[in-house]
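Written below as structure tokens is the structure these notes are about.
Read the figures in this text as sums done on the coordinates, not as results from a lab. Quick caveat: nothing in here was measured; it's all calculated off a predicted structure. Using ideal geometry, Cβ is built from the backbone for each residue, glycine included, and neighbour counts are taken over all protein chains shown.
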Number of protein chains: 2
Amino acid sequence: MPNPKAIPTLGDVAKMAGVSSATVSRVLNAPDRVVEATRQRVREAIETLGYTPNFAARVMAAKSTMTIGAIIPTMENAIFARGLQAFQEELHRQGYTLLVASSAYRPEIENEQIRALVARGADGLLLIGHDREAEIYDYLARHKVPALAAWSHSEAGQIPSIGFDNAQAMFNLTEEVIKLGHTKIAMISGVTQGNDRARLRLRGCRDAMEAHCLDPATLPVIEAAYEIENGAEAFAKLMAYSPRPSVVMCGNDVLATGALLCAQRLGMAVPRDVSITGFDDIELARVTNPALTTVHVPHREMGGKAARELVDMVKTKSPGVSVRLPTHIKWRQSLGLVGDPGKSAPDPA
Amino acid sequence: MPNPKAIPTLGDVAKMAGVSSATVSRVLNAPDRVVEATRQRVREAIETLGYTPNFAARVMAAKSTMTIGAIIPTMENAIFARGLQAFQEELHRQGYTLLVASSAYRPEIENEQIRALVARGADGLLLIGHDREAEIYDYLARHKVPALAAWSHSEAGQIPSIGFDNAQAMFNLTEEVIKLGHTKIAMISGVTQGNDRARLRLRGCRDAMEAHCLDPATLPVIEAAYEIENGAEAFAKLMAYSPRPSVVMCGNDVLATGALLCAQRLGMAVPRDVSITGFDDIELARVTNPALTTVHVPHREMGGKAARELVDMVKTKSPGVSVRLPTHIKWRQSLGLVGDPGKSAPDPA
DNA sequence: TACATCAATGTAAGCGCTTACATTGGCAAT
DNA sequence: ATTGCCAATGTAAGCGCTTACATTGATGTA
């Protein structure tokens, strides 16, 4: 008699139901391959024993875990939260479990996490952006773990991506800024090292300046890590430049919020004295005062699409296809006409 | 000759290094049990083969995964983010990997996630609060997976907890509110069903009223799910009550932010026309206008302590000990004296 | 020199599952 | 009554690792 306290195994269930272990396995994984009566009996045994399959064993034998991993740069601040939530919901609908790990924006930690998730049997991986060592892509390929990049779109990446065109989006926003009469533009960029999103946003800004006969070399840029306070600091420095910028474009809403806070501390009215723009359209952007004019990113849609695509890659072993989602400018109050006392720009749309 | 494209196994390494598989396993798990020269040879083989251990196999054989799971109610909004980040950092320091899953505040999903994580071999689990079916605690016990509750403190729980006293914290805040002269108090509470934190905060508020000779039965309470917009809606309803509350205490900063936004839309000045308080002291609370007076929770400290405690439980198989962290009121501008035109309360500390 | 000791390594038995293949037996067609 | 077929089930070989136990040979001791 087996120890009743011990965790029951497939074998215990089989014994109790008077069938072979294969049959139990079948009622678990392919119920229609076993006749109703037996199935019933096995189910009862499972119930009374309180049996739960041992995953490690299943993985070893079958190689599939029904789990998808996601490695995001940060859990603090909500950029990835909404998209990830949608990603998870869709996965859940398809029977997959999502496990997420965070890399704290550190490439070596991301590598570790990728390996950890693959080692733990993830069937597929969601990564953010494209910037990482070739070696890790090799690793993924060798282990045949499909991966998908999100929050960025690039046809050139080593893996397909579901995202938006960061450069184009920033280009568009910058054009609007210029149309409002701003020429003294400054930018607080996210850290561009190892972060294609940040780099492309900066590029978009420069390209737009060029396209409108402003010299991109004159664009003051301060890079700041993803923290409100860093945005504030950068803003303070920028305000000391001469000529003083009439608009500070930020690489994301978090930095923009910091900039806004600093403006307030400096006694500057936004957008009367200086305009500020964000990027991402996270919740923060709605609640600051004034609310941020920013680039809206379809987070939920991106998450859902990514889930469907990744599951498809896993199931069909197809290479996957990239999709590019549209973004649009979300007009609120932090961007104004240059020199216009106190009015924020109307939504031209 | 083995297929060079295939993933190398321990056996391949052993063959290449001319040792037994046991020796390879030893250099991986107990390097000092094998002599330097051999160790070197094995390491080289590992290197040239690009070998990575198969986790599932390791788990099956050894039962330890060096991974800790955390199931949080939501990844949207940042309440758990900061604490979790600290949790993860400490785990990483100790050689553990953190995998997180979100339950979307749904008990049945939480159950699923717990099982999923346990099945995937988590050595320990971090859960939020104490409210869940007894059955799931049984399951954890049967599988001998230590679990720790965070964001809540209770000596009575089935598992130890690292957190703070939600009721006491709210009690203290309410006392301050009352001291400022408020008697027409209202509350926007988080959903209390299955959420001890929300329930205890509500209780704390009522207890404080009682302690100060206000009838807690007269406290208007609206429960709202964790979304800014829901806070706004609830606030609007509350403002239609008569007598109109002079202060709206919110179960968390997110709801408070919604309330603030609504007040603004209604053309009410905070705290002149109405005071609003939050709870959690997440970043949001600093950036609203006016900034929120709220209860500060030591998120990072809690995360770090939880990690150390949980790892200890895993390693020593001890039952674990609960710890209660202090909170304090973070005075900002959204709470004012009743009837005082336009002044927010000074920090009495 | 013979023997006990011990560090270094090898042998092989699992861990709990899946699945290719083998077996069984009932039924329709002959 | 045979035969053949097929659905239902059983048998058993792994999956890649860890680890208790066995083996080996060098060293120290009497």
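Worth pointing out:
- Top positive-direction residue, dipole computed over the stretch A:42-105 with Cβ charges, set A:A81, A:H92, A:G69: A:G69
- Angle between chain A longest axis and helix A:107-119 axis [Cα atoms, degrees, rounded to 10]: 20 degrees
- Simple spin-label estimate for B:D273 and B:A37 in nanometres, 7 Å along Cα-Cβ: 8.7 nm
- For B:L337, the residues whose modelled amide H falls within less than 5 Å of its own, excluding neighbours fewer than 5 places apart on the same chain, are B:A345.
- Value of [θ]222 nm, deg cm²/dmol, for chain B, DSSP H segments ≥ 4, -39500 (n - 2.57) each, nearest 500: -13500 deg cm²/dmol
- Cα-centre dipole for the protein assembly as shown with unit charges at Cβ (Lys and Arg positive, Asp and Glu negative), debye to 20: 1400 debye
- Put a dot 7 Å past the Cα of B:A30, heading toward its Cβ, do the same for B:T218, and the two dots end up 7.2 nm apart.
- In chain A, taking the dipole from charged Cβ atoms about the Cα centre, the farthest positive-side position among A:A169, A:I282, A:M16 is held by A:M16.
- Size of the stretch B:240-349 from its Cα atoms: along the principal axes, largest to smallest, the extents are 58, 29, 26 Å.
- Gap separating the Cα centres of the stretch A:125-162 and the stretch A:241-285, nearest whole Å: 33 Å
- Förster-model FRET efficiency, 35 Å R0, A:K144 and B:Q158, C-beta, rounded to 0.05: 0.25
- Pseudo-label separations to other copies for B:L325 - Cα-to-Cβ vector, 7 Å, nm: 3.3
- Counted charge near A:I178, where neighbours are those whose Cβ lies closer than 14 Å (Asp, Glu -1; Lys, Arg +1): -2
- Of the two radii for the stretch B:56-103, the radius of gyration is 1.08 times the Kirkwood radius, both from the alpha carbons; that is the Rg over Rh value.
- Hull-based mean projected area of chain B, where the convex hull spans the alpha carbons, in square nanometres: 21.6 nm²
- Folded to 0 to 90 degrees: helix A:299-316 orientation relative to chain A principal axis, Cα: 40 degrees
- Sorted shortest first, the distances from the B:G18 label point to those of the same residue in the other copies are 5.9 nm; each point sits 7 Å from Cα along Cα-to-Cβ.
- Chain B: angle of helix B:253-265 to the longest principal axis, Cα-based, in degrees nearest 10: 40 degrees
- Compactness of the stretch A:181-317 is given as radius of gyration and Dmax, 16.7, 58 Å, from Cα positions.
- Local net charge near A:R26, Cβ-Cβ under 11 Å (Lys/Arg +1, Asp/Glu -1): +1
- Each of A:V297, B:M302, A:L310 was scored by the projection of its Cα onto the charge dipole of the protein assembly as shown, and the greatest displacement toward the positive side belongs to A:L310; charges sit on the C-beta of Lys, Arg, Asp and Glu.
- Applying the Karplus relation 6.51 cos²θ - 1.76 cosθ + 1.60 with θ = phi - 60° to the stretch B:80-85 yields 3J(HN,Hα) values of 8, 4, 5, x, 5, 4 Hz, where x marks Gly and Pro.
- For the stretch B:228-277, the alpha carbon convex hull comes to 59 Å³ per residue, rounded to a whole number.
- Along its three principal directions, the equivalent ellipsoid of the stretch B:1-78 from the Cα gyration tensor extends over semi-axes of 32, 16, 12 Å, largest first.
- Label distances, nm, B:E36 versus same residue in remaining copies, Cβ-directed 7 Å point: 7.3
- Across the stretch A:139-148, rounded Karplus estimates of 3J(HN,Hα) from the backbone phi angles (6.51 cos²θ - 1.76 cosθ + 1.60, θ = phi - 60°) give 3, 4, 5, 4, 8, 6, 9, x, 9, 9 Hz, Gly and Pro being marked x.
- Distance from the stretch B:1-77 to the stretch A:164-193 (C-alpha centre basis), Å: 48 Å
- Net charge dipole size for the stretch A:63-154 [Lys, Arg +1 and Asp, Glu -1 on Cβ; Debye, nearest 20]: 300 debye
- Efficiency of FRET from Cβ geometry, A:E227 and A:T52, R₀ 60 Å, rounded to 0.05: 0.90
- Rounded to the nearest whole angstrom, the semi-axes of the ellipsoid equivalent to the stretch A:128-227, taken from the Cα gyration tensor as √(5λ), stand at 32, 14, 10, largest first.
- Counting only Cα atoms, the size of the stretch B:12-124 along its three principal axes is 54, 25, 23 Å, in decreasing order.
- Stokes-Einstein diffusion for the stretch A:65-159, with the hydrodynamic radius set to the Kirkwood value over Cα pairs and evaluated at 37 °C in a medium of 0.692 mPa s, equals 244 µm²/s.
- Rg followed by Dmax, in Å, when the protein assembly as shown is reduced to its Cα trace: 27.8, 87
- In this calculation the C-beta distance from A:E301 to A:R106 is compared with R0 = 30 Å, giving a FRET efficiency of 0.55.
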